[in-house]
Amino acid sequence: MAPPTASAALPRTASPVSFRERLIATWGVLNVALLLGQALVRLTPLALEPLRGEGLSPALMALYVGWVVFNAYAEGWRGFHLKFAPRVVARAFHLGRHPRPLWLILALPFCMSLFHATRRQRIVSWVLILVLTSVILAVRALPQPWRGIIDGGVVVGLGLGLASVLYYWLRGLAGAPPPVSDLPEP
């Protein structure tokens with residue numbers, strides 16, 4: 001028996017990614033990236049507001065830094081980098097391989113697993129959106145510096161999330177998109 005070659009040890013994708021698949025996947029990823037980018041642009045000034053002028057007391061500054069570090073790990077790394085971003089990019093490349101006109105129009109909710117996903121993932125995605133919407137409305141009512149402290153952590157988490165989506169998208173363009181794991185059974 002012949003020894004395995006070096007190429008046998010490399011992981012393979014299901015098939016090479018065509019230009020059309022890359023273009024459609026880019027459309028899906030762009031929709032999600034614009035949503036995250038819009039939130040970043042809107043929240044960054046509010047997050048920086050408590051740091052301007054007189055600044056924060058040492059206790060509030062410690063709270064601000066601690067919240068930012070916590071959100072970098074919990075929201076940025078665990079939520080976005082390990083779960084959300086690979087799923088979004090995988091679904092975008094799935095959309096590129098299996099385009100349907102309605103799915104192309106609804107690329108944002110498709111990539112976010114709001115439809116054509118397993119029942120469990122659809123429930124998780126919709127509940128997450130409802131909870132986030134409620135939290136956003138509650139945080140808007142808070143005065144500064146509390147709103148700025150919360151928004152500071154959110155901005156860092158969203159920034160890491162956007163970077164993660166772009167990271168997985170670039171890997172997908174190079175021919176190694178993440179595997180799709182939340183599609184319903186045919």
Checking L166 against (1) surrounded by fewer than 19 Cβ atoms within 10 Å (Cβ to Cβ); (2) touching a residue at least 12 places away in the same chain (Cβ under 8 Å); (3) aliphatic (A, V, I, L, M); (4) not in a helix (DSSP H, G or I): exactly one of these is not met. Which one? (4)
For the stretch 138-154, what are the residues that are more than 12 Å from L63 (Cα to Cα), without any contact (Cβ under 8 Å) to a residue 60 or more places away in the chain and part of a helix (DSSP H, G or I)? A138, V139, R140
Among (1) in a helix (DSSP H, G or I); (2) in contact (Cβ under 8 Å) with a residue 40 or more places away in the chain; (3) closer than 28 Å to P45 by Cβ, which single condition is Q121 missing? (3)
With criteria (1) over 18 Å from L36 (Cβ atoms); (2) surrounded by fewer than 16 Cβ atoms within 10 Å (Cβ to Cβ); (3) of a type in the set (D, E, K, R), R78 comes up short on (1)
Among (1) more than 14 Å from the chain's Cα centre (by Cα); (2) surrounded by 15 or more Cβ atoms within 10 Å (Cβ to Cβ); (3) outside any loop (DSSP other than H, G, I, E, B); (4) not polar (S, T, N, Q), where does H116 come up short? (3)
Quickly run through the stretch 19-41 and pick out the residues that are in contact with a helix residue (DSSP H, G or I) (Cβ under 8 Å, 6 or more places away or on another chain) and among the aliphatic types (A, V, I, L, M). L23, I24, A25, V29, V32, A33, L35, L36, A39, L40
Looking at L34, L30 in this structure, which one is part of a helix (DSSP H, G or I), farther than 21 Å from I136 by Cα and free of Cβ contacts under 8 Å to residues at least 60 places away in the same chain? L30
Of all residues in the stretch 49-62, how many are outside any helix (DSSP H, G or I) and surrounded by fewer than 13 Cβ atoms within 10 Å (Cβ to Cβ)? 5
Counted residues in the stretch 113-145 being touching a Pro at 6+ places or on another chain (Cβ under 9 Å) and on the phi > 0 side of the Ramachandran plot come to 1
If you go through V65, V41, the only one that is without any contact (Cβ under 8 Å) to a residue 60 or more places away in the chain, in a helix (DSSP H, G or I) and loosely packed, with under 13 Cβ neighbours inside 10 Å is V41
Those residues of the stretch 169-186 which are buried (at least 21 other Cβ atoms within 10 Å of the Cβ) and either on the phi > 0 side of the Ramachandran plot or outside any helix (DSSP H, G or I) (or both), in sequence order: P177
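Bear in mind these aren't lab numbers, they're just calculated from the coordinates by the rules spelled out. It should be emphasised that the depicted structure is a prediction, and the values quoted were computed from it without experimental measurement. Virtual Cβ from ideal backbone geometry, glycine too; neighbours counted across all protein chains shown.
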